[in-house]
Structures are given as C-alpha cells and as structure tokens.
Amino acid sequence: MKHLNLAVLVLLTLTMTVQAQFDPKTSGAYSCFLRKSSMQELPYLPSQANTAGPHAYDVLKYTINADLYHCYTSPYPHDFNASVKIRFKADSVIKSIKLDAAYASLQIDSVKLASTSFSHSGNILTVILDRTYNPGEIAEILVYYRHKNVTDNAFYVSGGFVFTDSEPEGARHWFPCYDSPSDKALLDLTAKVPANVKLGSNGRLADSTVIADTIFYHWVSSNSVATYLVVMTSKVNFNLDIKYYHKITNPADSVPIRFYYNAGESPYACEGLIDSMTTYYSRNWCEHPFEKNGFATLNNQFAWGGMENQTLTSFCPNCWEASLMAHEFAHQWYGDMITCDTWADIWLNEGFATWSEAFWRESSGGYIAYLNDIQSYASSYLSGNPGWAISNPDWAINTPSVNVLFNWSITYCKGACVLHQLRYVIGDSLFFKVLQTYTTDTNYKYKSATIANFSQEVNRVTGQNYDWFFNEWIFTPNNPVYANTYQFSNHGGGNWRVDFYAKQVQNNAAFFKMPLKLKIHFTDNSDTLINVMNYYNGQAYQWVFGKQPQSFYFDPDNEIVLKQAATVVGVPERGGFEGIVLGQNTPNPSDLKTTIPFVLPSPAEASISIMNTLGIEVWQTGTLNYTAGAHSVEADLSTLPSGVYIYILKTDGRSYSGKMVISR
C-alpha cells in the first residue's frame, strides 16, 4: 500500500521546553549539594577496609567521652582529650583489628582492655588483641587519644561554636573508628562543656549533669548509626525550642523535635511545618523511625546547605527553609534509617532525598507541582550531564572525589528523576507499596542497603523483574534520544490507521527499554491514550480507528523526563506497514470492555482471544469470516479481574499477539 502524501509536520517534544516555575537552584537539594561539594579540602584517606582486605569484625557500639571544655573560649583551640570504647564482634578468626584514625588529626595515647599493643601509621590504627578471637566472639578495646590543635574540616571550632561534619569519611578525623557506611553501630557519647553551652548529638539525651561551671551531656542512640552520621553540635548560649510529634500508630507516644538556633534567627516557620511533614512522610513510607529528631543552624564555617546527621541535622546559618528541611528530613528515612552500604550506593541517599523534596511539594500543590519540580531537575541534568552513571562499582572500593560523589547533575538531579521514572513505570500503587515495604523490611531498617537490595525489593513487591530498569538508568550513563515517526492513513469506510515507529538515535548509550504513553487527538475533539512497551529500537506499532485522527503526541505528560525527543509526521523509516496488522487495544488500561483493532490485507477467517498470564483462555470470538480491510471487535471484560492479559489474533495459520491491562 502506498503511504499518504501528507504534508510533513514536525512536533518537537523536546523534554525540557516546559517553562517551569520551580528553579532547582533554590531547592534544598541544591543547598545540600553546595555544602557537600564544598568539602574539597577534606583529606581523602584510604579506609582500612580497602587496605586490610575483607572486614574481619563488626563494630557493635562506640562509647565516646570527650572533654571539650576549653574549646569555647579564645583562642578557641581545636585540641581536646577523649576516649572511645569500641565493642566489636569477630566475623573471622582475628588476632588484631585495624581502625581508621587520621594521623594528622589524632594522637593515640594508649589502648586498653582486650589489647596488648598498638601502632598508628598511615592513618591506620592497628590494635594487637590479647588473644585470638573466633567468629561470634565479642570483645572491647578502649582507646585514649587526643585531637590535635589542627583544622581538618571535620572537627570545627570558632567563636563559641564546636561542631562536627563527617560525610563522607571525616569521622576518622575526630575519633578512631571503622569509617565505612556499611558498619553501623550503637552510640553512647558524653561531652564535657562549660555550663553556658548547649550540646546536641545523636539519639536521646540520657542526662545532663551540672557540676559548678561544667555540664556533662550524655547522649545515647538506641539505633545504630553510620560513622559519617555521628555528630556533636554545640554553642555558647545556643537557643533551643522543643516541639513534640505524636506518632500515628500511638498518639500517646511523643517524639521530641529539637530546634537549635542562633540569636536573631527565626525557626518558627519550620517548627510549624514539622508535624505535617513528619505525618506525610510517615504515612507514605513508615512511621518516624527515631526516638528524637532535630535541626541546628551553625556558623559561617558551614556556609551552605545542610547535613543529615542522624536525628540532628545541621543547617547553614539562618537557613530555616522548608525546601531544605524537606530534603534533609527525608534523609532520616533514606540515608540514616537505611544507609547506603557503600559510596557506590549513594543514589539510595541523595536521589531519594531529592525526589522526596518534590514529593513534599505534591502534598500541597498536587501532582502537577511535583512533576514540575521533577522536570526542572531533569532539565538541570540534561544541560549539565558529565556523562557518567549514577553508580560505579569502583566507588565501593575507592571513594571518588566530592565532585563526582556529590555531582549536582547526576547524584541529585538524575537520581531524583530515576526514582520518578520508576514511579511512572510501575504505577503509584506499587511504587508506594515498594517504599513502604523497603522502609519496614528488617533486612534494611536501621542497617545498610545496596542498590541491588532495593531493586530486589521492587521485584518482590511487583512480582516482575525490573533489573532492566536499574541497569539502564542507574548503571548506564546518559539517556535516550528519540527520533520517532508516525503517519495517518485513510482506509476508507470511515476507518483510519495510525502507524508509529519508535526509534532512539543516541550514540553514547545503548537502547533504553521503556513503556511509552501516546495520545491521539481526533477531529471530533476526542482523545485516546495508548500505553505500549518499547522492547527494541525501531519498533513499529499500528492502530485502526473508526474516526479521523488529527494529531499525535509522544509521552504527552513528559513522564519519561530523562530523554530528548522529536516526533515527526511523515513516512516511517520502514516504508509503511503492509500485511496483517494487530493494533493496540483501546483504552489501555481497560475497565469493563475494550476494543481490539486489526487489519487484513485480503479476505480471511480470523479469531480473537484473550488469555491470562497462566495461559488460560478467558474470552474469545470464535472463528469468523472477514473481508479485506480494517476491523475491530469489542471484548467484554466485566468478569475478569484486574491484571495483565495477552490478546491473540489467529488468521492464515499464524498468530499475532499484544499485551493489555485491566485496571479497576
């Protein structure tokens, strides 16, 4: 059949032509990026995990006792005396353990308890144990040390402020530890400070003892903490407000939310939002996971953004902004409660928190406000894409520079958009079920997780294998560039055929398999939405309608935000579609009934049937005689349950099939 000589009309659906009202550079995610990307002066020291072979022990608890008393008065020295008791369990037969301890920052004075000797060199503290420990045995060592009077961009002192900031590997600069996000441990921290100082840390305030001009703050975390999330935040004459959040599951159980702030600041807007934000996150993910939470503004040494220390987030001075709070508070679930197992899994932290900020906007502005934010993140990615994947297996061994690990375009923007596209692919119901099961799964809750763990959770909840999605969007760089073709053909008798040819032309990545949403607008001012799966490059689709199409839209709502696309009206590259055609059913998804179109090039007997995923036929027409041309049958679906089905055209000794969805 010759194609119609249609005038060529180009409809460019370049994904980022949306005139978004949201500027991602005003977002909490961008503030977070600014803070973390500014940590370039932090010396990156090889972890003992990378120099000592497989991790031979599991840290169970850190008990830190630090005397910070003289750090709060001029000349504000950085040195302090401290001890850390490390309780650990042997995972293999061990006679010694190795800890991360920055040589330039820490002076090790002695090691007691289950220790006979130690050495400190190359930023590794090696402790010779008092005997051989077998797998499962538990022991403790007590390290007495001094933080030197040095600036190390992990322990900060100035003008009455003392605070820590440890991501990604700064904890080793202020206490000996196994400095890897995979080994989370309980924390017990006591700090000696002047009586006019308020000091916050992880977990709950067990007690604060005042003796003369001195106060001893004792903080205890009942949940394991990754070393980079361990924090001390303190200041002379710190302001403190405490609000109480009442849990959804038990309103009588209240969680203190502590707001530390500087003189002249107003945290009241954020204080007013914390209840609704906690409820929103709790309802959609899991109940607020910690016994306490809080936020603290710092000084100009912490000039930008925030840091999601577990149960006590750090903010830049006077940065009481809802967007920043939405991003950092989401980290309490994604990053703190469930922590990236390695730095190759950073998407589970920053991608999720950035997406969550847009999701918080959805709570007040609806889905359009949410999608507007996501599309703006996508625009930032497309304009700044440096060309690497979200996750690189090497990062699990060799920590990348902050410019890579906390790259704005990849880690934050693309990371958020990938999570949105997962929502698009599996649908809202399954997507939020995935998040709820992931955040309540005891394999990950208060522990660490890998991207593979999350993808397994997706597969388990959906009952399908979505490994292809993660391989494409997480482990493959770049994005698809579509150069699609479509045409309308008049078949007479009021029947029109629509041909669509999906093609990707990117030269820096392989093909991206994705479900596609298409919209056809007709001259009678009606619309038809069609959902198809694009399994391979150059895939052709055909539909037959009993009315005249007027316009065609590819991804009309721009849900596949990580793409560039042009859709051209004209001749498909394959030169038309001859022969037998089985079109996509409409509508799809369907409810009580659906129409299945097909085209026969010559008169023939044909039958249409529908089968479920078990291969059982659940509906059929029987064999009928058809003339040449376009036809359609209407199937009654009212007795069929929701789910995925296959419809089959049998004619001329051959079978043609398509996939349909019933949704109610």
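The values are calculated or read from the model by the stated rules, or taken from the named source; none is laboratory data. Source: prediction; values computed, not measured. Don't worry about glycine lacking a Cβ; one is built from the backbone with ideal geometry, like all the others, and counts go over all protein chains shown.
Of all residues in segment 601-614, those that are assigned to a loop (DSSP other than H, G, I, E, B) and aliphatic (A, V, I, L, M) total 1. Identify all residues within segment 544-583 that are modelled with pLDDT under 80, of a type in the set (Val, Ile, Thr) and over 13 Å from Phe488 (Cβ atoms); write none if there are none. The answer is Ile580, Val581.
Within segment 279-291, does at least one residue satisfy the condition of being part of a strand (DSSP E or B), under 19 Å from the mean Cα position of the chain (by Cα), buried (at least 18 other Cβ atoms within 10 Å of the Cβ) and touching a residue at least 60 places away in the same chain (Cβ under 8 Å)? Within segment 279-291, none of the residues are part of a strand (DSSP E or B), under 19 Å from the mean Cα position of the chain (by Cα), buried (at least 18 other Cβ atoms within 10 Å of the Cβ) and touching a residue at least 60 places away in the same chain (Cβ under 8 Å). Taken over segment 403-428, the residue count meeting the criterion of being of a type in the set (Ser, Thr, Tyr) and closer than 18 Å to Asn531 by Cα is 1.
Assigned by TED's automatic domain parsing to the domain that holds Asp441 and without any contact (Cβ under 8 Å) to a residue 24 or more places away in the chain - does that describe any residue in segment 381-402? No, the conditions are met nowhere in segment 381-402. Each residue in segment 80-137 was checked for being on the phi > 0 side of the Ramachandran plot and not in a strand (DSSP E or B), and 3 pass.
Residue-by-condition table, conditions (1) on the phi > 0 side of the Ramachandran plot; (2) in contact with a strand residue (DSSP E or B) (Cβ under 6 Å, 6 or more places away or on another chain); (3) among the small types (Gly, Ala, Ser):
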position: Asn507; (1), (2), (3): no, no, no
position: Ala510; (1), (2), (3): no, no, yes
position: Ile520; (1), (2), (3): no, yes, no
position: Asn525; (1), (2), (3): yes, no, no
position: Leu529; (1), (2), (3): no, yes, no
position: Val532; (1), (2), (3): no, yes, no
position: Ala540; (1), (2), (3): no, yes, yes
position: Val544; (1), (2), (3): no, yes, no
position: Gln550; (1), (2), (3): no, yes, no
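When Ser208 is tested against (1) touching an Asp or Glu at 6+ places or on another chain (Cβ under 6 Å); (2) of a type outside the set (Phe, Trp, Tyr); (3) without any contact (Cβ under 8 Å) to a residue 12 or more places away in the chain, exactly one condition is not met: (1). Residues of segment 336-370 that are within 19 Å of Ser224 (Cα to Cα) and either within 9 Å of the chain's Cα centre (by Cα) or part of a helix (DSSP H, G or I) (or both): Trp343, Asp345, Ile346, Leu348, Asn349. The residue list Ala330, Ala353 contains one member that is touching a His at 6+ places or on another chain (Cβ under 7 Å), under 21 Å from Asn223 (Cβ atoms) and either crowded, with 24+ Cβ neighbours inside 10 Å or free of Cβ contacts under 8 Å to residues at least 40 places away in the same chain (or both), which is Ala353. For segment 150-162, the tally of residues that are surrounded by fewer than 24 Cβ atoms within 10 Å (Cβ to Cβ) and not in a loop (DSSP other than H, G, I, E, B) stands at 4.
For segment 522-539, the set of residues classified as in contact with a Lys or Arg (Cβ under 6 Å, 6 or more places away or on another chain), surrounded by 14 or more Cβ atoms within 10 Å (Cβ to Cβ) and not polar (S, T, N, Q) consists of Phe522, Leu529, listed by residue number.
Yes/no per residue for (1) over 27 Å from the mean Cα position of the chain (by Cα); (2) assigned by TED's automatic domain parsing to the domain that holds Ile397; (3) not small (Gly, Ala, Ser):
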{"site": "Ile138", "(1), (2), (3)": "yes, no, yes"}
{"site": "Tyr145", "(1), (2), (3)": "yes, no, yes"}
{"site": "Tyr156", "(1), (2), (3)": "yes, no, yes"}
{"site": "Val162", "(1), (2), (3)": "yes, no, yes"}
{"site": "Pro176", "(1), (2), (3)": "yes, no, yes"}
{"site": "Ser182", "(1), (2), (3)": "no, no, no"}
{"site": "Ala195", "(1), (2), (3)": "yes, no, no"}
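Restricting the first member to segment 469-496 and to residues that are closer than 29 Å to Asp524 by Cα and not assigned by TED's automatic domain parsing to the domain that holds Thr627, and the second to residues that are assigned to a loop (DSSP other than H, G, I, E, B) and small (Gly, Ala, Ser), the beta-carbon pairs closer than 7 Å and six or more apart or on different chains are Thr485/Gly570; Gln487/Gly570; Gly494/Gly546; Asn495/Gly546.
Right, Asn525: modelled with pLDDT of 95 or more, under 34 Å from the mean Cα position of the chain (by Cα) and in a loop (DSSP other than H, G, I, E, B) or not? The answer is no for Asn525. Within segment 446-492, if we keep just the residues that are among the aliphatic types (A, V, I, L, M) and part of a strand (DSSP E or B), the residue that is surrounded by the most Cβ atoms within 10 Å (Cβ to Cβ) turns out to be Ala449. Against the list (1) modelled with pLDDT under 80; (2) small (Gly, Ala, Ser); (3) assigned to a loop (DSSP other than H, G, I, E, B), the condition Ala49 fails is (3). Set side by side, the residues Ala630, Ala606 differ, and just one is in contact with a Lys or Arg (Cβ under 7 Å, 6 or more places away or on another chain) and either modelled with pLDDT under 90 or under 20 Å from Asn531 (Cβ atoms) (or both), which is Ala630. Take the conditions surrounded by 18 or more Cβ atoms within 10 Å (Cβ to Cβ) and in a helix (DSSP H, G or I) and apply them to Leu430. Does it pass? Considered against the rule, which asks whether it is surrounded by 18 or more Cβ atoms within 10 Å (Cβ to Cβ) and in a helix (DSSP H, G or I), Leu430 comes out as no. When you check Leu186 against the structure, is it in contact with a strand residue (DSSP E or B) (Cβ under 7 Å, 6 or more places away or on another chain), in a strand (DSSP E or B), touching a residue at least 24 places away in the same chain (Cβ under 8 Å) and closer than 28 Å to Arg35 by Cβ, yes or no? Criteria met by Leu186.
Close Cβ contacts (under 6 Å, 6 or more residues apart or on different chains) running from residues in segment 509-526 that are in the same structural domain as Tyr541 (by TED's automatic domain parsing) to residues that are among the basic types (Lys, Arg) comprise Phe522/Lys547; Asp524/Lys547.
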